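Visitor: Before anything else, here's the structure in question.
The values are calculated or read from the model by the stated rules, or taken from the named source; none is laboratory data. Given the structure is predicted, the values throughout are model-derived calculations rather than measurements. Cβ placement follows ideal geometry from the backbone for every residue including glycine, while neighbour counts extend to all protein chains displayed. Calculation scope for accessible area: heavy atoms of the full protein, side chains included, ligands and nucleic acids excluded. Shrake-Rupley method; radii C 1.70, N 1.55, O 1.52, S 1.80 Å.
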Amino acid sequence: MLYGLMAYFDSAERLLEALRVLKGRGYRHLEALTPNPVEGIEEVLGGDGRIPWIAFGLGVLWVGLGLFLQIYTTLDYPHNAGGKPLLGWPAFIPVTFELTILTITVGIFLFLLYMNGLPLAAHPAVKAKEYVRVLLDEYGVFVYATDPRFDLESTKALLRELGAEVEEVRRD
């Protein structure tokens, strides 16, 4: 069974150019594999604009819930400590802030695990014989065979035109 094609490039600029051409030709199921962060990949492949909104929503939700729980427990179990006011809101700020940050962090972590399909035992690109090249000093593009535009010969020819060494990745 064919997973896809792994293409190796010798520079980040060639990788970005190849990604632009592939996206321009209609390929959508791509992954860039790099040994270091490459500026511009997110603009080419597209980022997920939902992440800031999910973080904001989680923050607002927990601020509301955190304040509600503290006010509810204060009113339900009143305790006069040293003549302090019953609803002394400044005492609620540290707990609300810390729990809001915790909720956003854990929520975004779980969302990213879900969106990236993790935990993943092994990525199909790892099955490529020369995969170690993208771990050391080269750049790679993995084109999934499930892409609607994928045709083995024409995709392989296009990647070679773009200056890549191409390898088929198959299930053992």
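Visitor: Which of the residues that make up region 142-155 are more than 18 Å from LYS23 (Cβ to Cβ) and in contact (Cβ under 8 Å) with a residue 60 or more places away in the chain?
Guide: Narrowing region 142-155 to residues more than 18 Å from LYS23 (Cβ to Cβ): 152-153.
The one that is more than 18 Å from LYS23 (Cβ to Cβ) and in contact (Cβ under 8 Å) with a residue 60 or more places away in the chain: LEU152.
Visitor: Pull up region 1-12, narrow it to residues that are surrounded by fewer than 15 Cβ atoms within 10 Å (Cβ to Cβ) and farther than 21 Å from ARG170 by Cα, then point me to the one that is nearest to the chain's Cα centre (by Cα). First the steps, then the outcome.
Guide: Filtering region 1-12 for residues surrounded by fewer than 15 Cβ atoms within 10 Å (Cβ to Cβ) gives 1-2, 10-11.
Subsequent filtering for residues that are farther than 21 Å from ARG170 by Cα retains 10-11.
Working: ASP10: 25, SER11: 23 Å.
Result: SER11.
Visitor: Additional query: Residues ALA32, ALA12, ALA7: which one is more than 15 Å from ALA128 (Cα to Cα) and among the hydrophobic types (A, V, I, L, M, F, W, C)?
Guide: On the way: ALA32 fails: more than 15 Å from ALA128 (Cα to Cα); ALA7 fails: more than 15 Å from ALA128 (Cα to Cα).
Of the residues listed, the single one that is more than 15 Å from ALA128 (Cα to Cα) and among the hydrophobic types (A, V, I, L, M, F, W, C) is ALA12.
Visitor: If you don't mind, another one. Show the residue pairs that are 6+ apart or on different chains and have beta-carbon atoms under 9 Å apart, the first residue being within region 15-32 and farther than 21 Å from ASP137 by Cα, the second being surrounded by fewer than 19 Cβ atoms within 10 Å (Cβ to Cβ) and polar (S, T, N, Q).
Guide: HIS29/THR146
Visitor: Name every residue in region 13-53 that is out of contact with any Phe, Trp or Tyr (no Cβ under 6 Å at 6 or more places or on another chain), open to solvent by less than 60 Å² (accessible area, probe 1.4 Å) and part of a helix (DSSP H, G or I), in order of residue number.
Guide: Within region 13-53, LEU16, ALA18, LEU19, VAL21, LEU22, LYS23, ILE41, VAL44, LEU45, ILE51 meet the criteria.
Visitor: Is it true that GLU168 is in contact with a helix residue (DSSP H, G or I) (Cβ under 9 Å, 6 or more places away or on another chain) and outside any helix (DSSP H, G or I)?
Guide: Numbers: in contact with a helix residue (DSSP H, G or I) (Cβ under 9 Å, 6 or more places away or on another chain): yes; outside any helix (DSSP H, G or I): yes.
Judged against the criteria, GLU168 is a match.
Visitor: I'd like the residue in region 98-153 that is open to solvent by 50 Å² or more (accessible area, probe 1.4 Å) and among the polar types (S, T, N, Q) and, out of all such residues, is nearest to VAL169 (Cα to Cα).
Guide: THR146
Visitor: Please go through region 117-161 and pick out each residue that is part of a strand (DSSP E or B) and more than 13 Å from TYR8 (Cα to Cα).
Guide: Taking region 117-161 as the starting set, the residues that turn out to be part of a strand (DSSP E or B) are 139-144.
Once the filter is applied, which keeps residues that are part of a strand (DSSP E or B) and more than 13 Å from TYR8 (Cα to Cα), region 117-161 yields only TYR144.
Visitor: Condition first: free of Cβ contacts under 8 Å to residues at least 12 places away in the same chain and surrounded by 10 or more Cβ atoms within 10 Å (Cβ to Cβ). Now tell me which residues in region 58-83 satisfy that. I'd like the intermediate steps shown before the answer.
Guide: At the first step, the residues of region 58-83 found to be free of Cβ contacts under 8 Å to residues at least 12 places away in the same chain are 60, 64-65, 68-69, 72-73, 76-83.
If the condition is that a residue be free of Cβ contacts under 8 Å to residues at least 12 places away in the same chain and surrounded by 10 or more Cβ atoms within 10 Å (Cβ to Cβ), then VAL60, GLY64, LEU65, PHE68, LEU69, TYR72, THR73 are the ones that fit.
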